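**Q** Mind looking over this structure? Questions follow.
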Amino acid sequence: MSFETKFFQRFRFKPSQIEQLFSSAKRDLEIAGGSKIPDVTFKFSYDALIKIGLAVIAQKGYRAKSTAGHHLKIIETLSDILSLKEVEIFGNKMRQDRNLNLYDGRFIVGEKEATECLNFTKKVFKFSKSNKTPAKYRVYSKKELEGFIRSDRDQRQEPNSKK
């Protein structure tokens, strides 16, 4: 895996700094989960996803630079490190929706979308925390990864929908 110098720079994080990033993501997830306002749930879920990405990237010895397009690169790199393409796909959709909402006011967050984003980000958080070793990630089997993705899809389906 390579880190583009336009978006990332080498940096030696202390373990406490990485844990602080994960703690901040967890706090955002708690705020998102405790809100009955879809916009708040969505915003804090998205922020948590970015912080998870920053923490995982920090474990690899890099920090993200604040430059145009860095959120996209954080999401793509998180997806690559975790070997979960769905993180890139769903995370980029969240990023695009966030940008439409923030810059154009054209995306209104509904309760269903906010809940899907929260549940997805919780899964990524849990996976990234359970998957970590001191400086690198454990290699999960294809079956384990498919189970993670399948359980996320099942959770996003409507309770009364037919498969």
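**Q** TYR62's amide H: which non-local residues (gap 5+, or another chain) put their own amide H closer than 5 Å, with H modeled 1.01 Å from N in plane and none for Pro or chain starts?
**A** Those lying under 5 Å, H to H, from TYR62 are PHE11.
**Q** Of PRO15, ILE50, ILE31, which is farthest towards the positive pole of segment 11-54's charge dipole, taken about the Cα centre with +1 and -1 on the beta-carbons of Lys, Arg and Asp, Glu respectively?
**A** PRO15
**Q** What ranking do TYR103, TYR62, TYR46 get, fewest neighbouring Cβ atoms within 10 angstrom at the top?
**A** Numbers: TYR103 9, TYR62 19, TYR46 24.
Taking fewest neighbouring Cβ atoms as first place, the list is TYR103, TYR62, TYR46.
**Q** Moving on to the next point. To make sure I understand, if each residue's beta carbon is the centre and we count other beta carbons within 10 Å, what order do PHE44, PHE107 fall in, fewest to most?
**A** PHE107, PHE44
**Q** Please compute the net charge surrounding LYS6, taking Lys and Arg as +1 and Asp and Glu as -1 over other residues with Cβ under 12 Å from its Cβ.
**A** +1
**Q** Something else now. Just want the ordering: ILE89, ILE50, from fewest to most Cβ atoms lying within 10 Å of their own Cβ.
**A** The fewest-first ordering by Cβ neighbours comes to ILE89, ILE50.
**Q** Please give me the summed charge of the neighbours of GLU76: other residues whose Cβ is under 15 Å from its Cβ, Lys and Arg +1, Asp and Glu -1.
**A** Local charge sum for GLU76: +3.
**Q** Now for a separate question. If the limit is 30 Å between Cα atoms, which of LYS6/LYS36; LYS36/LYS65; LYS60/LYS85 go over it? Don't jump to the answer; show the numbers that get you there.
**A** Working: LYS6/LYS36 39 Å; LYS36/LYS65 33 Å; LYS60/LYS85 19 Å.
Distance filter (> 30 Å) returns LYS6/LYS36; LYS36/LYS65.
Every read-out reported here was derived from the displayed coordinates using simple, explicitly stated rules and does not represent laboratory data. Source: prediction; values computed, not measured. Methodologically, a virtual Cβ is constructed for each residue, glycine included, from the backbone with ideal geometry; neighbour enumeration extends over all protein chains shown.
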